[in-house]
Structures are given as structure tokens and as C-alpha cells.
1. Only one of (1) farther than 25 Å from residue A:117 by Cβ; (2) in contact with a strand residue (DSSP E or B) (Cβ under 7 Å, 6 or more places away or on another chain) fails for residue B:72. Which number is that?
2. In this structure, is residue A:94 within 10 Å of chain B (Cβ to nearest Cβ), out of contact with any strand residue (DSSP E or B) (no Cβ under 7 Å at 6 or more places or on another chain) and within 13 Å of DNA strand C (Cβ to nearest atom)?
3. Count, please, the residues in segment B:40-52 that happen to be touching a helix residue (DSSP H, G or I) at 6+ places or on another chain (Cβ under 7 Å), more than 11 Å from every other protein chain (Cβ to nearest Cβ), in a helix (DSSP H, G or I) and away from DNA strand D (no atom under 12 Å from the Cβ).
4. Could you tell me whether segment B:97-105 includes any residue that is within 14 Å of chain A (Cβ to nearest Cβ), near DNA strand D (Cβ under 9 Å from one of its atoms), out of contact with any strand residue (DSSP E or B) (no Cβ under 6 Å at 6 or more places or on another chain) and in a helix (DSSP H, G or I)?
5. Would you say residue A:37 is touching a residue at least 12 places away in the same chain (Cβ under 8 Å), more than 14 Å from DNA strand D (Cβ to nearest atom) and assigned to a helix (DSSP H, G or I)?
6. Across segment B:53-89, what is the total count of residues that are within 12 Å of another protein chain (Cβ to nearest Cβ), assigned to a helix (DSSP H, G or I) and either under 20 Å from residue B:103 (Cβ atoms) or more than 14 Å from DNA strand D (Cβ to nearest atom) (or both)?
DNA sequence: CAGGATCCTTTACGATACTG
DNA sequence: CAGTATCGTAAAGGATCCTG
């Protein structure tokens with residue numbers, strides 16, 4: 001509960017490697033990039049909306065990742081004064097600059113899958129998206 | 001030692017989320033993106049060259065990550081019939097298509113650091129690259 | 001030189017139950 | 001609804017030593 005308050009930046013090494021480290025420290029992991037990508041597409045979303053969209057994520061992890069993204073100034077968290085309290089998450093202007101990165105990640109993922117499928121061995125069985 | 005032989009692809013979900021998963025499953029982690037970025041810039045490299053460039057990586061992790069990248073057809077591994085055996089690693093044509101992704105990751109990392117530095121709290125101390 | 005074997009720590013992630 | 005608490009597993013990563 002100490003470093004959690006701090007922005008993450010990498011230490012010394014050449015400029016490009018360091019830039020890769022800086023970015024990947026924020027995007028690495030199973031869910032962070034998906035969260036940002038989802039918020040980029042859908043705009044403001046509530047906790048449960050995110051949980052539903054990112055199907056499979058547990059509330060604990062979603063909560064933790066959202067906090068980290070907020071600390072790193074990529075998203076905002078806003079409590080609404082509603083009956084049962086609701087919270088809205090949205091991309092910041094800074095977070096929005098990840099659009100190009102996410103876009104390339106999506107594009108590459110699509111062509112990569114096209115290349116691999118029809119190739120040979122694949123670890124997961126289903127190839128059809130659900131929505 | 002079973003799934004190691006298989007290419008990684010994600011299961012069902014919407015197309016863009018799945019694309020993000022596919023890409024990030026290959027790039028997530030502390031070293032993979034750095035390895036690819038390094039090989040993209042420097043061309044063919046030996047094991048020790050990589051280890052020196054990616055300073056801080058242990059031989060075990062480097063070896064493991066290189067194997068995974070090779071399995072996923074992003075790099076090639078070539079043994080040279082030299083006195084003490086040497087091995088050369090290089091990007092494949094498919095791996096080279098990650099150029100745009102890595103490029104965006106580097107660009108974003110650079111501007112992100114510019115934005116954050118001069119801002120407020122930073123976790124690491126040194127801000128100067130070594131080379 | 002390349003990289004496997006071993007041991008160990010830490011982090012990530014997951015399931016479930018519970019609270020204001 | 002939006003999380004936190006608790007518990008548990010698995011993966012990631014690191015240190016070091018060893019070998020063909």
C-alpha cells in the first residue's frame with residue numbers, strides 16, 4: 001500500500017527500451033488493455049457494465065486494475081449520488097492517447113489470428129466470437 | 001511441457017476484445033516486448049548479446065521467452081556450427097509485422113514519460129538513460 | 001557460449017462471500 | 001451497485017550453479 005500511490009516509470013536504459021518498459025508496465029497483464037479498449041469504445045461505463053463486458057473478470061481484479069489505471073491517470077472514477085451508489089469510469093484525455101497503441105494491437109491481433117488459423121496447432125478450441 | 005508446443009489464441013468474445021487478448025497474450029510480461037523491439041532494431045543477435053542488451057534478465061527467463069516467441073512464429077533460432085556453439089536469433093517476417101505495434105508502444109512511452117515527469121510522484125529515481 | 005536444473009519469492013489471478 | 005475480505009492456486013520472475 002505504498003507504491004500504489006505512485007506513477008510507474010522505468011529506470012535507466014536506452015530510450016526506446018525504457019519507453020517500451022514504461023508502456024508495458026501499464027498495459028501488461030490479462031485485463032488492463034481490455035479495460036482501456038472497452039472504455040475507449042464505449043465511453044463512460046459503470047463497474048458492473050465493465051464486469052459484464054469483460055466477461056470472466058472477478059470484481060477483485062477489476063477493482064484493482066481500475067485503481068491502477070486511475071493512479072496512472074488513464075481513467076477517471078466518479079461516484080454518482082444515486083440511491084444505491086453508482087460509479088462511472090471514463091478515459092482521460094491522456095488515456096485517450098492510447099488509441100493508436102490499442103488500435104495497432106487490435107489490428108495485429110486480427111491479422112495474426114488470420115495467419116495462425118488454418119495453419120496448425122491452436123491452444124483454444126472455439127474460434128467464433130459471441131458478440 | 002504440453003501447451004508449450006501450441007500457438008496461443010484466445011477463446012470466444014467480441015472480435016476486438018479477442019484481438020487484444022491474442023496480441024497481449026504474446027506481448028505481456030516483463031521482457032517479451034523488449035526482446036522483440038531489440039531484435040527489430042538490431043537484426044540477428046546471439047543469446048549473450050540479447051542478455052547484455054536487456055540488462056537485468058536472467059538466462060532462464062531469456063531462454064524461456066525466446067522459446068515462446070519462437071513457438072509463436074515471431075522469431076527464429078539458428079544454431080551455428082562454431083567451436084563453442086553459438087545461436088542466432090532473428091525476427092521472422094511475421095514478427096516484423098509487429099513493427100507498428102512496437103513503434104506505437106515506444107512513441108506512447110516517450111510522450112507518457114514527458115507528461116508524467118515534471119508532474120508529480122514517480123516510482124523510480126533515475127531519469128537518464130545509460131546509452 | 002547457450003541454456004538447463006534447482007530453489008525460492010512475489011505477483012497475478014480466481015472463487016466466493018460479505019457489506020454500506 | 002460497488003466494491004472489500006479472505007483464501008487459495010498458478011504463473012512469472014530472479015539467483016545461482018552447472019554442463020556440453
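No value in this document is a laboratory result; all are computed from the given coordinates. Nothing here was measured: the structure is a model prediction, and the numbers come from that model. For neighbour counting, all protein chains shown are included, and Cβ atoms are generated from backbone atoms with ideal geometry for every residue, glycine included.
1. So the condition that residue B:72 fails would be (1).
2. Numbers: within 10 Å of chain B (Cβ to nearest Cβ): yes; out of contact with any strand residue (DSSP E or B) (no Cβ under 7 Å at 6 or more places or on another chain): yes; within 13 Å of DNA strand C (Cβ to nearest atom): no.
Against the criterion (within 10 Å of chain B (Cβ to nearest Cβ), out of contact with any strand residue (DSSP E or B) (no Cβ under 7 Å at 6 or more places or on another chain) and within 13 Å of DNA strand C (Cβ to nearest atom)), residue A:94 does not qualify.
3. Residues meeting the conditions: 1.
4. Keep residues of segment B:97-105 that are within 14 Å of chain A (Cβ to nearest Cβ), which gives B:97-105.
Keeping just the survivors that are near DNA strand D (Cβ under 9 Å from one of its atoms) gives none.
No, there is no match, as no residue in segment B:97-105 is within 14 Å of chain A (Cβ to nearest Cβ), near DNA strand D (Cβ under 9 Å from one of its atoms), out of contact with any strand residue (DSSP E or B) (no Cβ under 6 Å at 6 or more places or on another chain) and in a helix (DSSP H, G or I).
5. Details: touching a residue at least 12 places away in the same chain (Cβ under 8 Å): yes; more than 14 Å from DNA strand D (Cβ to nearest atom): yes; assigned to a helix (DSSP H, G or I): yes.
Against the criterion (touching a residue at least 12 places away in the same chain (Cβ under 8 Å), more than 14 Å from DNA strand D (Cβ to nearest atom) and assigned to a helix (DSSP H, G or I)), residue A:37 qualifies.
6. 1
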